[in-house]
Each structure stands twice: as C-alpha cells, then as structure tokens.
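Have a look at the structure below before the remarks.
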Amino acid sequence: MHIVHSIPDLRAALAACSKPAFVPTMGNLHDGHLALVHQARPLGDTTVVSIFVNRLQFLPHEDFDSYPRTWEADCAKLQAAGCDVLFAPRENDLYPEPQTFKVQPDPLLADILEGHFRPGFFTGVCTVVMKLLCAVFAGKASGSAVFGQKDYQQLMVLRRMAQQFALPVDIVTSPTQRAADGLALSSRNGYLSEAERTEAVQLSLALRALGREAVAAAHALPAQVATLEQRALQALTVRGWQPDYLTVRRRTDLQTPGPGDALVVLGAARLGRTRLIDNFEI
C-alpha cells in the first residue's frame, strides 16, 4: 500500500491508473468502511482510500477536536483490505489557504433534516468531496466513488452534485453495515457507554416500527404521517433520548410523501453525548 499526503504525490501515484475506485473516509475505520473498500476494488484498476477529518463539516460545538484518530490501526486494516493507495492529507495539504470558494448544494435537499439540525454541514461535505474527487480523478476518463447508505441524505446530495457538475465519477451506494443487534456501524459508536450501547439499537427499532406504520397507512399516509412521526419521537424521548427527527419521506427528493411514493424512514437522535443516525428504505 502506497501512502501519500500531498495532492501532487497522489496524482503521481495514480499516473498509470486509468480508472480509480475511491473511498473517502475520516478514519477511525470499522467493518462498514472496510465493506466500502471491498466493494470498490473490482470497480477500478486502483483502489484509493482517503483519511481526512474535514473541519469544514463540523459546527463549532461538535466533535472535530475529539473525533478519534486511529492512524496505525487504520493503516493495518486498509493494508489487509487490499487498498492500493492511501491518501492522508494534512490540513494544509488540502487547504493550503482559507477555502473561500465552497460548493453550495441545493437547499431544497441540503437544508432539511441533517442540514436543518447541522447548518452548513452539506456545504462542508460537498466542498471537501469535490476537492477530493478533483484530486483523485483529474485527467481520468471515468471512475467510481463508494459511499455508505447509512448517510442517506449525504449520498443523495453528493450524487446530485456529481450529476450537475458532470463529474466523470459514478457515485456508488454501499449497503449499511450493522452489528448483530441491528445497530448501524458508526465511528461514533465508540463514544457510547456500555449501557448506552445496549440502548442504542432502539433508534433502528423505532425507525422500523415507523416504517411498518407508514406502509400500513397506505394511501392515507399523507394525512397520518405527522401523527406517526410524533408518536415515534415520543417513544424515544421517554426512553431518555433527545431526537432531532424521525420521519417518513419519499426516496426521490426527501420531501413529504404522497400516495404511491417509494418511501424511506430516516432518524437522528442523541443518546447521552452521542448523536446517531439511521435509515431504512421501506
């Protein structure tokens, strides 16, 4: 595995590559990340993984400084998973000057749900991903970038960004990886205490219950959705959670569903000091 830190060194390492397969991460890797790497490998002639904790997507009160950095363990996992090139830029490699040019995503998609509760988050995500895609795919005719479905809204935002900018990159979805009890794998699960870890699966259970109720409502869903969502929020709140949203949306644009729409349930809630997200297509 070839490790590089600067964009020029990355491009030199990829000079002979015609079709990269890319997995961007923030490190602290778990089995969910490694599943992305395994899915990426057959999609190109060189598998590239990045590790970069992106300051632009963290709000001032969030966990940028405390976000786990596990460099040696991450390198060992990527080596074993078959990564060819690890791009690990330092902050001044990716942002040698203040990043005053930023990618502003469509507010109809990016200012709801996660974007509502984390203002500016998707601007930070789109800006760093655009920069990473430019670094990896410059001069290439095509390639793939693999993202996890756990970050459902993020995946939609990035797919739209790639489409609208005509990037030569196929945005590939990788299914959410889960623990045996159903909890979605996340780097932030490590923040949970033992008791919180036992409780954490209740978010996915609440979303599954909301999904079942949404399906049962059928064509009456538009009239019932607010009541169903409020009931789901209350069910978590009484267990000691602080939910931001548990909601039923149509898959195409994450707006309020109408009769016959394909649906997805999405949720975000804080358990203690840890904020968890999850989703299920129904």
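The values are calculated or read from the model by the stated rules, or taken from the named source; none is laboratory data. As the structure is a prediction and not an experimental result, all values here were calculated from the model. Cβ placement follows ideal geometry from the backbone for every residue including glycine, while neighbour counts extend to all protein chains displayed.
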Test: residue in region 96-109 that is in a helix (DSSP H, G or I) and without any contact (Cβ under 8 Å) to a residue 60 or more places away in the chain: yes
Hits in region 110-145 (condition: part of a helix (DSSP H, G or I) and of a type in the set (K, R)): K131
Residue ranges of strands (runs of 3 or more DSSP E) in region 235-281 with at least 2 members of a type in the set (A, V, I, L, M), under 22 Å from Q224 (Cα atoms) and in the same structural domain as V225 (by TED's automatic domain parsing): 242-250, 263-271
Where Q164 falls short, out of the listed (1) of a type in the set (S, T, N, Q); (2) touching a helix residue (DSSP H, G or I) at 6+ places or on another chain (Cβ under 9 Å); (3) farther than 23 Å from A268 by Cα; (4) surrounded by fewer than 18 Cβ atoms within 10 Å (Cβ to Cβ): (2)
Condition met for L10 (touching a strand residue (DSSP E or B) at 6+ places or on another chain (Cβ under 7 Å) and closer than 19 Å to L185 by Cα): no
Region 12-28, residues that are free of Cβ contacts under 8 Å to residues at least 60 places away in the same chain and within 16 Å of Q177 (Cβ to Cβ): T25
Residue within region 243-265 that is touching a Phe, Trp or Tyr at 6+ places or on another chain (Cβ under 6 Å), aliphatic (A, V, I, L, M) and modelled with pLDDT of 95 or more present: yes
